[in-house]
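So the structure is just underneath, and the comments pick up after that.
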Amino acid sequence: MKRIIFLLCCQVMAMVGHAQGVVEVRFNGESVEVNVPSDVQGVTWTASGAHVTITSSTTTTEYTYALSGESDNGSLVLNGSYKLTLELRGLQLTNASNGAAIDIECGKRIAVVLADGTNNTLTDAPTGTQKAALYFKGHPEFKGAGTLNVTGRLKHAISAKEYIELKKTTGCINILGAVGDGIHCGKGKPDGENNYFLMNGGTVDITQVGDDGIDADDYGAIRINGGALAVNVGDAATALKGDSIVAIAGGVVSLAVSGEGSKGICACHTVDVAGGDLSIVVTGNGSKAIMGEKGGEGATVANGGFVSISGGKTILHVLGEGMDDGTGNVSPCVGMAAGNDISLRGGEVTIVALGKETTPIVADAAYLVEGCNLSIERTPWKADILDCPYDMTLYVVVEADGSRLDNYANKAVGTFIDGVCVGYGVFGTTDFGTIRVWSHDTSARKLTFKVYDYETLTEYEAVADSDIFFSSMSHAGTPGSPVVLNYQPHGLLGDVNLDGDVNVTDVMLMVDYILLHSTNHFYLPNADMDDSHDVNVTDVMLVVAIVLGNN
């Protein structure tokens, strides 16, 4: 009996070992070591320097190819016709000669494992015929809590002929640069969603790309259900481009569009936001934050051009100006555009638009708002908020001549540090507004405020009821006890602390100001009594005269 049990255990171990066969590939500078264990059948390899080609003839067993080590001039080409697992266990690989860093020429499912705690970096050659630094003929599915950094020096950074999926367990993928797209999905089919980028988790950061951030081409779709995605694109590029659908149902999506004629999200059929937190900052002239593009004759996806928002929180900063197309026609900077219908049926949508040159929303067909908390704010200032890693939140209300405003439709509220706009006020139907303040560093610099009136086209200084200094990851005021910003559209000369009266306190504050002492709640326009563009003893004497009852 013991012998029978022993033999059975040996058979089980042999079966498990065969199912879990691992081919180890380790790069060592100018050479590469490949270990094919005895339980792996039908796998052969050749190498020239640190450039290795592996071929698998199996059609029944999924093998794992574990990559590690370093090389400044190496690559891997993997041929096969059966699904496999590609595990990156701490790989630093640059192809300095010709071609991709990793080229998986297998048209099946490829499980890509970023081993926990590892940092992996891939860079392709600047010459060759490769489509990407990391290329898949089939459909990769990423998982594992490690980090992957990719740079595409010829075309794309990561590309797959079919779909790309990020599992909930995916760690961090950084696209550090690409001549073409950051992430590209290849050809799909018109009768089904065979080609897509699907993100269920992980952290993806895409920057320094020459074309689109993520492009799901030829009937392709982009679906974001979780994780954190940040994309920054330049001229004439799109952060998220789906040839059919771009759908966001969860996660945190932050897009920055800085180039002329660029787009944050563009889908040739439908942009569908049903959940998650979506933030798009558009600073390029003639750019669009969200666009449902209706394809013309010859388009791969016909009869589209829809934008639908039914949930989540969407904030669009539309800060570009109009762009001349060279024929005298000016293409405006737009928050939300559709070649067909726009439907806002749920969630929260806030659009902050620069001046009157921008267009918050434009639809070529129907435009429906039903059940969506929509807020459109205009601002005359272009904020310096791109690439700012630090922020804080202010809860504020505004008073004019001491009376609380209850309508901000024609007002803009801005926050400034050293004269540079760093945030805008967003006011909905609540009793307070919020200002997100952005900064390039964590230094505690004083915040100042301005109010702009679009009816009178006038900018006013506003004074907070207490001094506020920038503090990262914090807030000032609360919804129940907001910071009070006071400005004086009618101007009460001599009232430098904006308390609605001219008295001895104003005289003392003016004296402190002239003596270069620290002054709180000092409203400079009301201190310049004789309109000399300077505050001096003459202005103090004039305020004293008012206090004494003299004209």
Within region 87-101, is even one residue in contact with an Asp or Glu (Cβ under 8 Å, 6 or more places away or on another chain), open to solvent by 50 Å² or more (accessible area, probe 1.4 Å), over 23 Å from L154 (Cα atoms) and among the basic types (K, R)? no
Consider L493 carefully, then state whether it is modelled with pLDDT under 90, more than 26 Å from F469 (Cα to Cα), in contact with a helix residue (DSSP H, G or I) (Cβ under 7 Å, 6 or more places away or on another chain) and hydrophobic (A, V, I, L, M, F, W, C). yes
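Return the residues of region 423-438 that are part of a strand (DSSP E or B), of a type in the set (A, V, I, L, M, F, W, C) and without any contact (Cβ under 8 Å) to a residue 60 or more places away in the chain; say none if nothing qualifies. Walk me through how you get there before you give the answer.
Step one: filter region 423-438 for residues part of a strand (DSSP E or B), giving 423-427, 433-438.
Filter again for of a type in the set (A, V, I, L, M, F, W, C), leaving 426-427, 435, 437-438.
Answer for region 423-438, where residues must be part of a strand (DSSP E or B), of a type in the set (A, V, I, L, M, F, W, C) and without any contact (Cβ under 8 Å) to a residue 60 or more places away in the chain: F427, I435, V437, W438.
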Do we find a residue being in contact with a strand residue (DSSP E or B) (Cβ under 9 Å, 6 or more places away or on another chain), open to solvent by less than 40 Å² (accessible area, probe 1.4 Å), acidic (D, E) and more than 16 Å from M336 (Cα to Cα) anywhere in region 257-271? no
Quick one: how many residues across region 444-459 are surrounded by fewer than 19 Cβ atoms within 10 Å (Cβ to Cβ), modelled with pLDDT of 90 or more and not in a strand (DSSP E or B)? 2
Scan region 353-383 for residues that are aliphatic (A, V, I, L, M) and under 17 Å from I309 (Cα atoms) and jot them down. I361, V362, A363, A365, A366, L368, V369, L374, I376
Among the residues of region 343-364, is any of a type in the set (A, V, I, L, M), surrounded by fewer than 18 Cβ atoms within 10 Å (Cβ to Cβ) and modelled with pLDDT under 90? no
Note on region 470-491: residues open to solvent by 70 Å² or more (accessible area, probe 1.4 Å) and either closer than 18 Å to L542 by Cβ or hydroxyl-bearing (S, T, Y) (or both) are S481
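Check whether at least one residue in region 104-117 is open to solvent by 40 Å² or more (accessible area, probe 1.4 Å) and of a type in the set (G, A, S), and report yes or no.
Filtering region 104-117 for residues open to solvent by 40 Å² or more (accessible area, probe 1.4 Å) gives 105, 108-109, 116-117.
With of a type in the set (G, A, S) added as a condition, the list becomes 117.
Within region 104-117 (the criterion being open to solvent by 40 Å² or more (accessible area, probe 1.4 Å) and of a type in the set (G, A, S)), the answer is yes, since at least one residue qualifies.
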Between a first residue in region 347-373 that is free of Cβ contacts under 8 Å to residues at least 24 places away in the same chain and a second residue that is open to solvent by 60 Å² or more (accessible area, probe 1.4 Å), which pairs have beta carbons less than 7 Å apart while being 6 or more apart in sequence or on different chains? none
Taking interchain pairs and intrachain pairs at least six residues apart, which have beta carbon atoms under 6 angstrom, with the first residue in region 36-51 and of a type outside the set (A, V, I, L, M, F, W, C) and the second assigned to a loop (DSSP other than H, G, I, E, B) and open to solvent by 50 Å² or more (accessible area, probe 1.4 Å)? G42/S57; G49/E30
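Output the number of residues of region 460-469 satisfying the condition of being assigned to a loop (DSSP other than H, G, I, E, B), open to solvent by less than 70 Å² (accessible area, probe 1.4 Å) and of a type outside the set (S, T, Y). Steps first, please.
Taking region 460-469 and keeping what is assigned to a loop (DSSP other than H, G, I, E, B), we get 465-468.
Right, trim to open to solvent by less than 70 Å² (accessible area, probe 1.4 Å) and you get 466-468.
Checking the rest, the ones that are also of a type outside the set (S, T, Y) come to 467-468.
Selection size over region 460-469: 2.
Here is a check on your reading of the model: is D441 touching a strand residue (DSSP E or B) at 6+ places or on another chain (Cβ under 8 Å), part of a loop (DSSP other than H, G, I, E, B) and of a type in the set (D, E)?
yes
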Residue list for region 512-529, filter: free of Cβ contacts under 8 Å to residues at least 60 places away in the same chain, open to solvent by 30 Å² or more (accessible area, probe 1.4 Å) and out of contact with any helix residue (DSSP H, G or I) (no Cβ under 6 Å at 6 or more places or on another chain): D512, Y513, I514, L515, L516, H517, S518, N520, H521
Among the candidates A228, A256, A236, A247, which residue alone is among the hydrophobic types (A, V, I, L, M, F, W, C) and within 18 Å of C185 (Cα to Cα)? A247
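Restricting region 316-334 to residues that are part of a strand (DSSP E or B) and within 15 Å of D364 (Cβ to Cβ), which is farthest from the chain's Cα centre (by Cα)? Walk me through how you get there before you give the answer.
Restricting attention to region 316-334, the residues satisfying the condition of being part of a strand (DSSP E or B) are 316-318, 323-324, 330-331, 334.
Filter once more, keeping what is within 15 Å of D364 (Cβ to Cβ): 331, 334.
On the way: S331: 24, V334: 17 Å.
Among those residues, the one meeting the criterion is S331.
For region 140-171, which residues satisfy the criterion of being closer than 25 Å to A125 by Cα, open to solvent by 10 Å² or more (accessible area, probe 1.4 Å), modelled with pLDDT of 95 or more and not charged (D, E, K, R)? Break it down stepwise before answering.
Kept after step one, since they are closer than 25 Å to A125 by Cα, are these residues of region 140-171: 140-142, 146-164.
With open to solvent by 10 Å² or more (accessible area, probe 1.4 Å) added as a condition, the list becomes 141, 147, 149, 151, 153-156, 161-163.
Filter again for modelled with pLDDT of 95 or more, leaving 141, 147, 149, 151, 153-156.
Those that are closer than 25 Å to A125 by Cα, open to solvent by 10 Å² or more (accessible area, probe 1.4 Å), modelled with pLDDT of 95 or more and not charged (D, E, K, R): T147, N149, T151, L154, H156.
The values are calculated or read from the model by the stated rules, or taken from the named source; none is laboratory data. All of these numbers come straight from a predicted model, not from anything done at the bench. Neighbour counts run over all protein chains shown; Cβ positions are idealised from the backbone, glycine included. All accessible areas refer to the heavy atoms of the entire protein, side chains included, with ligands and DNA or RNA removed. Shrake-Rupley method; radii C 1.70, N 1.55, O 1.52, S 1.80 Å.
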